[in-house]
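Worksheet: the structure to be examined is printed underneath.
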Amino acid sequence: MEDCIFCKIIKKEIPSDIVYQDENVIAFKDINPQAPIHIIVIPKIHIKSVLEADKETIGMIFQAINKIANQEKIEKTGFRVITNCGKNAGQTVEHLHFHILAGRELDEKIC
Ligand code: AMP
Ligand code: ZN
């Protein structure tokens, strides 16, 4: 999608610090990290949010998250996965994405 910042990252029209990619998924460091490890995981096709997502895409994303957790060596210490959907959740980029947060003990409250 033309005006989508994450589509621009996929097309390498804007720079990003990519930590993982495969045929269907790409993951890169969040530009404004909320934890020592803060990675954004997205499908390579433009999907607006979880409301539009199909199970194949969700499956591929979580398979990638599993690989990234091992790659980043956070599978034992633990990590949090979050997706925001819509205004009240504070979704600022309308391209389905999952946040991986790790690298310290995360706050108990998630809202
Ligand atoms: P959300 O609030 O769930 O829509 O999250 C969007 C996330 O994308 C935020 O954490 C931003 O810091 C991050 N973000 C926005 N633009 C970029 C970018 N160009 N490169 C990396 N992360 C970005
Ligand atoms: Zn997009």
Check your understanding: Taking into account only those residues within region 87-110 that are closer than 16 Å to LEU51 by Cβ and in contact with a helix residue (DSSP H, G or I) (Cβ under 8 Å, 6 or more places away or on another chain), which is surrounded by the most Cβ atoms within 10 Å (Cβ to Cβ)?
Key -> LEU96
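What's the total number of residues in region 1-46 that are among the aliphatic types (A, V, I, L, M) and touching a His at 6+ places or on another chain (Cβ under 7 Å)?
Restricting attention to region 1-46, the residues satisfying the condition of being among the aliphatic types (A, V, I, L, M) are 1, 5, 9-10, 14, 18-19, 25-27, 31, 35, 37, 39-42, 45.
Okay, now just the ones that are also touching a His at 6+ places or on another chain (Cβ under 7 Å), so 1, 40-42.
Qualifying residue count, region 1-46: 4.
Hey, could you check region 1-29 for residues that are in contact with a Lys or Arg (Cβ under 7 Å, 6 or more places away or on another chain) and over 21 Å from ALA69 (Cβ atoms) and say which is nearest to ligand 1 (Cβ to nearest atom)? I'd like the intermediate steps shown before the answer.
Taking region 1-29 first, the residues in contact with a Lys or Arg (Cβ under 7 Å, 6 or more places away or on another chain) are 10, 14, 17, 19-20, 24-26.
Subsequent filtering for residues that are over 21 Å from ALA69 (Cβ atoms) retains 10, 14.
Working: ILE10: 11, ILE14: 6 Å.
Here the answer is ILE14.
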Point to revise | Close pairs from region 5-31: first within 19 Å of LYS73 (Cα to Cα), partner open to solvent by 80 Å² or more (accessible area, probe 1.4 Å) and within 7 Å of ligand 1 (Cβ to nearest atom), Cβ under 9 Å, at least 6 apart | key: ASP17/LYS29; ASP17/ILE31; ILE18/LYS29; VAL19/LYS29
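Within region 49-69, which residues are among the β-branched types (Val, Ile, Thr) and open to solvent by 40 Å² or more (accessible area, probe 1.4 Å)?
Scanning region 49-69 gives VAL50, ILE58.
Residue-by-condition table, conditions (1) more than 21 Å from PRO33 (Cβ to Cβ); (2) basic (Lys, Arg); (3) not in a loop (DSSP other than H, G, I, E, B):
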position	(1), (2), (3)
ILE47	yes, no, no
THR57	yes, no, yes
ILE68	no, no, yes
GLU75	no, no, no
GLY78	no, no, no
LYS87	yes, yes, no
LEU96	no, no, no
ARG104	no, yes, no
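Taking region 32-48 as the search range and keeping residues that are of a type in the set (Val, Ile, Thr) and in contact (Cβ under 8 Å) with a residue 24 or more places away in the chain, which one is surrounded by the most Cβ atoms within 10 Å (Cβ to Cβ)? Walk me through it before giving the result.
The initial filter retains those residues of region 32-48 that are of a type in the set (Val, Ile, Thr), namely 37, 39-42, 45, 47.
Filter once more, keeping what is in contact (Cβ under 8 Å) with a residue 24 or more places away in the chain: 37, 39-42, 47.
Working: ILE37: 21, ILE39: 27, ILE40: 20, VAL41: 23, ILE42: 22, ILE47: 19.
The residue in question is ILE39.
Regarding region 73-82, can at least one residue be identified that is within 10 Å of ligand 1 (Cβ to nearest atom) and touching a residue at least 24 places away in the same chain (Cβ under 8 Å)? Before you say what the answer is, go through the steps one by one.
So in region 73-82, the residues within 10 Å of ligand 1 (Cβ to nearest atom) come out as 82.
Those left that are additionally touching a residue at least 24 places away in the same chain (Cβ under 8 Å): 82.
Within region 73-82 (the criterion being within 10 Å of ligand 1 (Cβ to nearest atom) and touching a residue at least 24 places away in the same chain (Cβ under 8 Å)), the answer is yes, since at least one residue qualifies.
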Practice item. Filter region 7-31 down to residues that are open to solvent by 20 Å² or more (accessible area, probe 1.4 Å) and under 17 Å from MET60 (Cβ atoms) and give me whichever is nearest to ligand 2 (Cβ to nearest atom). Key: ILE10
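The values are calculated or read from the model by the stated rules, or taken from the named source; none is laboratory data. Small disclaimer: the values here were computed from a predicted structure and weren't measured. Here Cβ is always computed from backbone atoms with ideal geometry, including for glycine, and neighbour counts include all displayed protein chains. Please note that ligands, DNA and RNA were not included when accessible areas were found on the heavy atoms of the full protein model with its side chains. Shrake-Rupley method; radii C 1.70, N 1.55, O 1.52, S 1.80 Å.
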